[in-house]
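Student: First the structure, which I've put down as structure tokens, then a few questions once you've had a look.
The values are calculated or read from the model by the stated rules, or taken from the named source; none is laboratory data. The shown structure was predicted, so the numbers you read here are calculated from the model rather than taken from an experiment. Here the Cβ positions follow ideal geometry from the backbone for every residue, glycine too, while neighbour counts run over all protein chains shown.
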Amino acid sequence: MIDRRNAILGTLAVGLSVGVDAQTPPPARVGGRGPRLPDPSETIDLWPAGAPGAPATLLVEVVEDRTKGTDATDRAVHGIARPRMVVFRPAKPNGSAMLVMPGGGYVRIVVDREGYEIARWLADRGWTVFVLFYRLPGDGWAAGPDVALSDAQRAMRLIRARAGLYGIRPDRVAAMGFSAGGHVCGDLATRFAQQTYPPVDAADPLSARPDVAALIYAVQSMTLPLAHPGSRAVLLGPSPTPALEQAHSTASNVTSATPPCFLVHAEDDRSVAVDNTLAFRAAAVRAGVAVETHLFATGGHGFGMSKAVGKPAARWPTLFEEWARAHGLG
């Protein structure tokens, strides 16, 4: 367990750079449709000297506006060359932090529906939230299928290293992921200790293990027919070996060290089959990991918060909040 003193020492070692050094801005605001809530401006770049293993041609970040009519803002971003966290600070911090990993099939990252919406909701309840814009495995990074996990590990360590700056406790850092971001979150919850990058500074000896993890309609299996074909193809290539498929199926990596997990899925999900979540739950039970599962009859895929309004699935954030409080967070 990492205590508050060690977190503060880690902060000093890394450098008090939050809000001082120039950081990469958040993904741009584009278009003019739909209601517009203010975006946060505070970011934390993950890699002080640039992300390791960059492709020969530097990526160009592109933000697309997918908002329809007067619907809630719906942006997506791809071409992540500067992986970073966007910070949502609460008015009254409750001591807990959340790392949010949006989905997007490993070809894009959904900014609003699976990032900023839940971040604002949690921040209103006292959580300090960090939305992660991670590198995508199809973009030619040297780490290949581990590139998003590298960013998630680094993000967790930086949150703990800077805990004193944000008024959070290093033993109350949660992780949440949606769809392909749920695969990143599941990877983080099960392979947090695997070395996927060479250490770069004093944050890297800190633990990358989340204290709890929430997997929301998460991609899990990399073996067909259960796998989400698009995520599998981008992550592992067109013809992965059975060994590679198993190595990147998160249920295969659950151990007794996996943190307590909160699982949500809709049974009518036609993109990521609900059996992905059921397999992860079964693995958690076998390993003796505390797990809570909420299955909704309807909801489809990618409902986040705004697309669940008026449906029973809309209750999942409150269910998470209650569950997290029972585990000492929030």
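Student: For segment 223-244, enumerate the residues that are touching a residue at least 24 places away in the same chain (Cβ under 8 Å) and not aliphatic (A, V, I, L, M).
Tutor: Passing the criteria: 223, 228, 230, 231.
Student: Residue 72: within 29 Å of residue 164 (Cα to Cα) and not charged (D, E, K, R), yes or no? Break it down stepwise before answering.
Tutor: On the way: within 29 Å of residue 164 (Cα to Cα): no; not charged (D, E, K, R): yes.
So residue 72 fails the test.
Student: Let me ask another. Using the structure shown, decide if residue 153 is under 18 Å from the mean Cα position of the chain (by Cα) and in a helix (DSSP H, G or I). Lay out the reasoning, then the answer.
Tutor: Details: under 18 Å from the mean Cα position of the chain (by Cα): yes; in a helix (DSSP H, G or I): yes.
Judged against the criteria, residue 153 is a match.
Student: Looking only at segment 56-70, count every residue that is in contact (Cβ under 8 Å) with a residue 24 or more places away in the chain, loosely packed, with under 12 Cβ neighbours inside 10 Å and of a type outside the set (S, T, N, Q) and tell me the total.
Tutor: 3
Student: Keeping to segment 80-112, report how many residues are part of a loop (DSSP other than H, G, I, E, B), buried (at least 22 other Cβ atoms within 10 Å of the Cβ) and in contact with a Lys or Arg (Cβ under 6 Å, 6 or more places away or on another chain).
Tutor: Residues that pass the stated criteria total 4.
Student: Just to be sure before I move on: is residue 122 surrounded by 24 or more Cβ atoms within 10 Å (Cβ to Cβ) and more than 13 Å from the chain's Cα centre (by Cα) in the structure I sent?
Tutor: On the way: surrounded by 24 or more Cβ atoms within 10 Å (Cβ to Cβ): yes; more than 13 Å from the chain's Cα centre (by Cα): yes.
So residue 122 passes the test.
Student: Taking the stated definitions as given, is residue 232 of a type in the set (D, E, K, R) and either buried (at least 22 other Cβ atoms within 10 Å of the Cβ) or closer than 28 Å to residue 78 by Cα (or both)?
Tutor: On the way: of a type in the set (D, E, K, R): yes; either buried (at least 22 other Cβ atoms within 10 Å of the Cβ) or closer than 28 Å to residue 78 by Cα (or both): yes.
Here the answer is yes, as residue 232 does meet what is asked.
Student: May I ask you to verify whether residue 77 is in contact (Cβ under 8 Å) with a residue 40 or more places away in the chain, surrounded by fewer than 24 Cβ atoms within 10 Å (Cβ to Cβ), of a type in the set (A, V, I, L, M, F, W, C) and assigned to a strand (DSSP E or B)? Write out each step before concluding.
Tutor: On the way: in contact (Cβ under 8 Å) with a residue 40 or more places away in the chain: yes; surrounded by fewer than 24 Cβ atoms within 10 Å (Cβ to Cβ): yes; of a type in the set (A, V, I, L, M, F, W, C): yes; assigned to a strand (DSSP E or B): yes.
Criteria met by residue 77.
Student: Only one of 319, 329, 263 is touching a residue at least 12 places away in the same chain (Cβ under 8 Å), in contact with a helix residue (DSSP H, G or I) (Cβ under 8 Å, 6 or more places away or on another chain) and of a type outside the set (Gly, Ala, Ser); which?
Tutor: Sole residue among the options that is touching a residue at least 12 places away in the same chain (Cβ under 8 Å), in contact with a helix residue (DSSP H, G or I) (Cβ under 8 Å, 6 or more places away or on another chain) and of a type outside the set (Gly, Ala, Ser): 263.
Student: Now for a different question. Being at pLDDT 85 or above, under 21 Å from the mean Cα position of the chain (by Cα) and not aromatic (Phe, Trp, Tyr) is the requirement here; does residue 57 meet it?
Tutor: Values: at pLDDT 85 or above: yes; under 21 Å from the mean Cα position of the chain (by Cα): no; not aromatic (Phe, Trp, Tyr): yes.
When the stated conditions are applied, residue 57 does not pass them.
Student: Something else now. Can you name every residue in segment 135-150 that is touching a Pro at 6+ places or on another chain (Cβ under 9 Å) and assigned to a helix (DSSP H, G or I)?
Tutor: Of all residues in segment 135-150, those touching a Pro at 6+ places or on another chain (Cβ under 9 Å) come to 135, 137, 139-148, 150.
If the condition is that a residue be touching a Pro at 6+ places or on another chain (Cβ under 9 Å) and assigned to a helix (DSSP H, G or I), then 137, 139, 144, 145, 146, 147, 148, 150 are the ones that fit.
Student: Take the residues of segment 183-242 that are in contact with a Pro (Cβ under 9 Å, 6 or more places away or on another chain) and basic (Lys, Arg): which is farthest from residue 284 (Cα to Cα)?
Tutor: The residue in question is 232.
Student: Still on this structure: Go through segment 38-55 and give me each residue that's in a loop (DSSP other than H, G, I, E, B), in contact with a Phe, Trp or Tyr (Cβ under 8 Å, 6 or more places away or on another chain) and surrounded by 13 or more Cβ atoms within 10 Å (Cβ to Cβ). Before you say what the answer is, go through the steps one by one.
Tutor: Of all residues in segment 38-55, those in a loop (DSSP other than H, G, I, E, B) come to 38-42, 46-55.
From what is left, the residues that are in contact with a Phe, Trp or Tyr (Cβ under 8 Å, 6 or more places away or on another chain) are 39-40, 51-55.
Matches in segment 38-55: 39, 40, 51, 52, 53, 54.
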